[in-house]
Amino acid sequence: MLQGYAPDLVIRIGYISIGVGVVCLLAIAALLIFVSRIYGLPVAIAAAIAWVLPIALLVSFVAPGFRLAFKDRKAESKLVQGQLMGASTVSTSVGLGMLMVQTRSGAEQYLVPPARLKQVPGNQVSVVLTVTPNLRHVKSVGIMGQRMVGRVEPPVPPVMKRLQLLPLITPIALAVGAVVGDDAVALAPIQPSLLHASLAILAGTALAAAVYGVSFFLQRRMMAEVQKIVPKT
């Protein structure tokens, strides 16, 4: 998910994620202590379980990139040379464009900050990229040969902007849905305790599943819109 971004940015995101994880752990501790006194331990455990999901999502999405970013800080960047196949200032990753290069090993795609694509022409020329080995962050783009044809950048369709945001919004909405659904029921006066705990977990699961279903539907709908605007060859 963090491929193509600068190692320093990924490390900052990692530290922010650690802070969010600590907040979630404090929430779990507070729920176990205070809710157990009011509704009993089963309900407290049910209320705390929902806060594990944000931690799991952060570990799943951020931890791999965080580890690779530290490796890229110490590793030497590699040079990639090949023939330019195409470039665009927009991709499915927020804040990154896309560069297609034909190398000896085949066609390769790189996510590139749009500012580094301004000098890329529209004709086929040789390019040299400086890329970090793990996150594949493009540090520089060099052009070899004459820039004969200016690259015309078409306007970005609104659906692409929405498609970029969906992978970021979905995990957040999932976590919020699970926490709100679970804890709202857990803090309601319901008896007996085991039924109360079961309903809390069920509510959190149902709300998270609903968020996932809506996200899946929106993604398919957006991808269908993107397919309609892609030129047919």
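The values are calculated or read from the model by the stated rules, or taken from the named source; none is laboratory data. This is a predicted model, so every value here is computed, not measured. Every residue, glycine among them, receives a Cβ derived from its backbone with ideal geometry; neighbour counts consider all protein chains shown.
Annotation note: of Y110, Y39, the sole residue that is touching a strand residue (DSSP E or B) at 6+ places or on another chain (Cβ under 8 Å), of a type in the set (F, W, Y) and touching a residue at least 24 places away in the same chain (Cβ under 8 Å) is Y110. Taking A29, is it among the small types (G, A, S) and without any contact (Cβ under 8 Å) to a residue 24 or more places away in the chain? Taking the combined requirement at face value, the residue satisfies it.
For the range 97-138, taking the residues that are assigned to a loop (DSSP other than H, G, I, E, B) and among the charged types (D, E, K, R), the one that is farthest from P155 (Cα to Cα) is identified as R104. Among the residues of the range 71-96, those that are modelled with pLDDT of 85 or more, in a strand (DSSP E or B) and of a type outside the set (A, V, I, L, M, F, W, C) comprise K78, Q81, G82, Q83. The residues listed here are V125, V138; of these, the one that is assigned by TED's automatic domain parsing to the domain that holds T92 and at pLDDT below 85 is V125. Here R67 meets each of (1) among the charged types (D, E, K, R); (2) more than 19 Å from the chain's Cα centre (by Cα); (3) assigned to a helix (DSSP H, G or I) with one exception, condition (2). Taking the range 185-205 as the range and being exposed (fewer than 15 other Cβ atoms within 10 Å of the Cβ) and either in a helix (DSSP H, G or I) or outside the structural domain of L168 (by TED's automatic domain parsing) (or both) as the test, the residues that pass are L194, L195, L202.
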